[in-house]
Amino acid sequence: MSRPSFDTLATAALAACTATTFSNPAEVAKTRLQLQGELVKKGTYQPVYLGPTDVLRKAWRSEGIQGIQRGLTGALAYSALLQTCILALYEPFRGALNVLAGKTPSDRYLASTIGGGTCTGIVGAFLGNPLFLIKARMQAYSPAFPVGAQRYYKSAWDALRSIYISDGFTGLFRGSSAAMFRTSLGTSVQMPTYFFAKSRLVEYGILRAEAPLTVITSSAAAGGMVVG
């Protein structure tokens, strides 16, 4: 299979950003619930939030749409970078693993298919770690209902600059090892499923190879496998 075209990468990035826009409020709720009780002395903890809906309700009341979409810029940038990275690198990685196994690069070999997906997740998560870091920090911030360590940034760029100034270049990649492990588990399933679904849609004449709907449908199938 040939490498994805620019249109395919752009469509995949747009699809990822669209999904992220709708899922970001849930990420905000998850992040704040995970941080509840952090930095609080044992025995004095009083929950700020009672559940996901309570997080979103309080965020909306105190900050409006900005509150429930905290960290959206970083989340969009991370999603677009990760999706384009794994799509662009999957075939080169899979082909290289095929060669190492003594097969031709175009062979559909289960181990290299899974391995290619794993490798793309590792690379994508590492490159996107600065964006994931600022996303999480900005999602956690709440001026009215603070939980855990609070860091206020004016924008995503201000967050990157502030972290670089205070912690240096390595500070931007804090937690990258855990991110690479988590992401690679997902892409080891996601990428093989994406290309399998796409090849079947094209093979049976259901959709054209480079049609945007083909990319969206294949991405939905891959996402369903990861969630499942």
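At a glance:
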| quantity | calculated |
| --- | --- |
| Candidates Ile134, Ile122 - the one that is surrounded by 15 or more Cβ atoms within 10 Å (Cβ to Cβ), within 17 Å of Thr31 (Cβ to Cβ), among the aliphatic types (A, V, I, L, M) and under 14 Å from the mean Cα position of the chain (by Cα) | Ile134 |
| Odd one out for Thr73, checked against (1) free of Cβ contacts under 8 Å to residues at least 40 places away in the same chain; (2) farther than 24 Å from Thr193 by Cα | (1) |
| Only listed residue being within 24 Å of Thr183 (Cα to Cα), surrounded by 15 or more Cβ atoms within 10 Å (Cβ to Cβ) and at pLDDT 95 or above, chosen from Ala29, Ala16, Ala10 | Ala29 |
| Set Ser62, Ser106, Ser155, Ser79: member being of a type outside the set (Asp, Glu) and out of contact with any Ser or Thr (no Cβ under 9 Å at 6 or more places or on another chain) | Ser106 |
| Qualifying residue in region 193-214 (condition: touching a Lys or Arg at 6+ places or on another chain (Cβ under 9 Å), outside any helix (DSSP H, G or I) and surrounded by 14 or more Cβ atoms within 10 Å (Cβ to Cβ)) | yes |
| Selected residue (criterion: surrounded by the most Cβ atoms within 10 Å (Cβ to Cβ)) from residues of region 49-90 that are closer than 17 Å to Thr187 by Cβ and among the β-branched types (Val, Ile, Thr) | Ile86 |
| Every pair of residues 6+ apart whose Cβ atoms lie under 6 Å, when the first sits in region 159-171 and is over 19 Å from Leu72 (Cβ atoms) while the second is in a helix (DSSP H, G or I) | Gly171/Ile163 |
| Checklist (1) over 14 Å from the mean Cα position of the chain (by Cα); (2) more than 17 Å from Met180 (Cβ to Cβ) applied to Gly74, failing item | (1) |
| Options Ser162, Ser218: the member that is at pLDDT 95 or above and not aliphatic (A, V, I, L, M) | Ser162 |
| Region 5-17 residues that are at positive phi and part of a helix (DSSP H, G or I), paired with ones that are crowded, with 18+ Cβ neighbours inside 10 Å and charged (D, E, K, R) (beta carbon under 8 Å, 6 or more apart) | none |
| Qualifying positions in region 91-117 - among the β-branched types (Val, Ile, Thr) and crowded, with 20+ Cβ neighbours inside 10 Å | Thr113 |
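The values are calculated or read from the model by the stated rules, or taken from the named source; none is laboratory data. From a predicted model like this one, the values you see are computed outputs, not experimental measurements. Here the Cβ is made from the backbone with ideal geometry for all residues, glycine too, and neighbour counts use every protein chain on show.
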